[in-house]
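Contents: one structure, followed by commentary.
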Amino acid sequence: MTIFTKIIKGEIPCYKIAEDEHHFAFLDINPAAKGHTLVIPKEETDYIFDLDDKRLQSLIRFAKPIARALDKAFSPLRTGLIVEGLEVPHAHIHLIPVYKKSQDFSLGKKTDFSKEEMEEIAEAIRKELA
C-alpha cells in the first residue's frame, strides 16, 4: 500500500482539496510553490501511462478545475503540470503555480509553509472550486 493510498483512506492526514469516486487531490507537503497540489487516481497504479485511457483522461479532467482554482486563488502567470512519478509508486500529477518566468519549476526546490498557512492555502483553493 502506498503512502497515497493511506492518505486516501484517511490513515495519514493531508490538506485535501477535492475528491470524487475515482480521484483525490491534496496539497504537496513539500511544495515547490504556494498551492502545489497533487492529483491522483484512487486506484494504486505505479506508472501513469499504465492507467487505462478512460482513467488517464478522467484524471486530467479532474485536475483541470483544480488548476483553474489555483489560478483564481493565487493569480500565478499560469499553473504548470509535472508528471515525473518517481517519488511515490502511485500515479500522480503535480499542479504547480508559476509566479514568475524565472521560477525554479522543479520538484527538488521546496518552499516551507506552516500548518496554518497550508490550511489557508487549501481553503483558498477549495473556495474557488465551490
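The values are calculated or read from the model by the stated rules, or taken from the named source; none is laboratory data. Keep in mind the model is a prediction, meaning the values are calculated, not measured. Neighbour counts are summed over all protein chains in view; Cβ atoms, including those assigned to glycine, are modelled from backbone coordinates with ideal geometry.
For segment 73-91, indicate whether the set of residues that are of a type outside the set (A, V, I, L, M, F, W, C), free of Cβ contacts under 8 Å to residues at least 12 places away in the same chain and closer than 17 Å to L38 by Cα is non-empty.
Checked against the condition, which is being of a type outside the set (A, V, I, L, M, F, W, C), free of Cβ contacts under 8 Å to residues at least 12 places away in the same chain and closer than 17 Å to L38 by Cα, segment 73-91 yields no hits at all.
In contact with a His (Cβ under 9 Å, 6 or more places away or on another chain) and of a type in the set (F, W, Y): does that describe F62?
Criteria met by F62.
Going through segment 7-17 one residue at a time, which ones are assigned to a loop (DSSP other than H, G, I, E, B), surrounded by fewer than 19 Cβ atoms within 10 Å (Cβ to Cβ) and under 11 Å from the mean Cα position of the chain (by Cα)?
none
Kindly indicate which of K110, K100 is farther than 21 Å from E21 by Cβ, among the basic types (K, R) and free of Cβ contacts under 8 Å to residues at least 40 places away in the same chain.
K100
Hey, can you tell me all the residues within segment 99-127 that are within 15 Å of the chain's Cα centre (by Cα) and either among the basic types (K, R) or at pLDDT 95 or above (or both)?
Passing the criteria: K110, M118, E119, I121, A122, E123, A124, I125, R126.
Looking at I12, I17, which is the one that is free of Cβ contacts under 8 Å to residues at least 12 places away in the same chain and touching a Lys or Arg at 6+ places or on another chain (Cβ under 7 Å)?
I12
Do we have any residue at all in segment 41-59 that's under 17 Å from I125 (Cβ atoms) and either more than 11 Å from the chain's Cα centre (by Cα) or in contact (Cβ under 8 Å) with a residue 24 or more places away in the chain (or both)?
The answer is no, given that none of the residues of segment 41-59 is under 17 Å from I125 (Cβ atoms) and either more than 11 Å from the chain's Cα centre (by Cα) or in contact (Cβ under 8 Å) with a residue 24 or more places away in the chain (or both).
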